[in-house]
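Inspection log for the structure reproduced underneath, given as structure tokens.
Values in this text are rule-based calculations from the coordinates and carry no lab data. Nothing here was measured: the structure is a model prediction, and the numbers come from that model. As a convention, Cβ positions derive from the backbone with ideal geometry for all residues, glycine included, and neighbour counts pool all protein chains shown.
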Amino acid sequence: MTADFPLTLTVADRASMDSELDAAVTAAKAHALAGKSHGILVTRHGVDTFTVALSDAVPFGLTREQQAW
């Protein structure tokens, strides 16, 4: 998966939520490893919408989750 960040995901159900978030976080980890200066922030914006972003507010090597709804 080649991606620009942040990624916004809209999921249809729980199974696709898990698989799509896993794929997005895996892609984010690859980008974070290249720069070694950002962590990963997963934000839930609603029942079916998420953003996966590289964040300088999250220490390198960590993934944090937050709710924004």
**Report entry** Selection from the range 27-48 of residues that are loosely packed, with under 13 Cβ neighbours inside 10 Å and over 18 Å from Gln67 (Cα atoms)
**Finding:** Ala30, Leu33, Ala34, Gly35, Lys36, Ser37
Report task. Could you please tell me which pairs satisfy a Cβ distance under 9 Å, a separation of 6+ or placement on different chains, a first residue in the range 31-53 that is basic (Lys, Arg), and a second residue that is part of a strand (DSSP E or B) and surrounded by 14 or more Cβ atoms within 10 Å (Cβ to Cβ)? Result -> Arg44/Phe50; Arg44/Thr51
Report task. Taking only the range 15-54 into account, find how many residues are aliphatic (A, V, I, L, M) and part of a helix (DSSP H, G or I). Result -> 12
Query raised in the report: Regarding Leu62, is this residue surrounded by fewer than 13 Cβ atoms within 10 Å (Cβ to Cβ), touching a strand residue (DSSP E or B) at 6+ places or on another chain (Cβ under 6 Å), free of Cβ contacts under 8 Å to residues at least 24 places away in the same chain and of a type outside the set (Asp, Glu)?
Result: yes
Requested in this report: With respect to Thr51, determine if the residue is out of contact with any Cys (no Cβ under 7 Å at 6 or more places or on another chain), polar (S, T, N, Q) and surrounded by fewer than 17 Cβ atoms within 10 Å (Cβ to Cβ).
Outcome: no
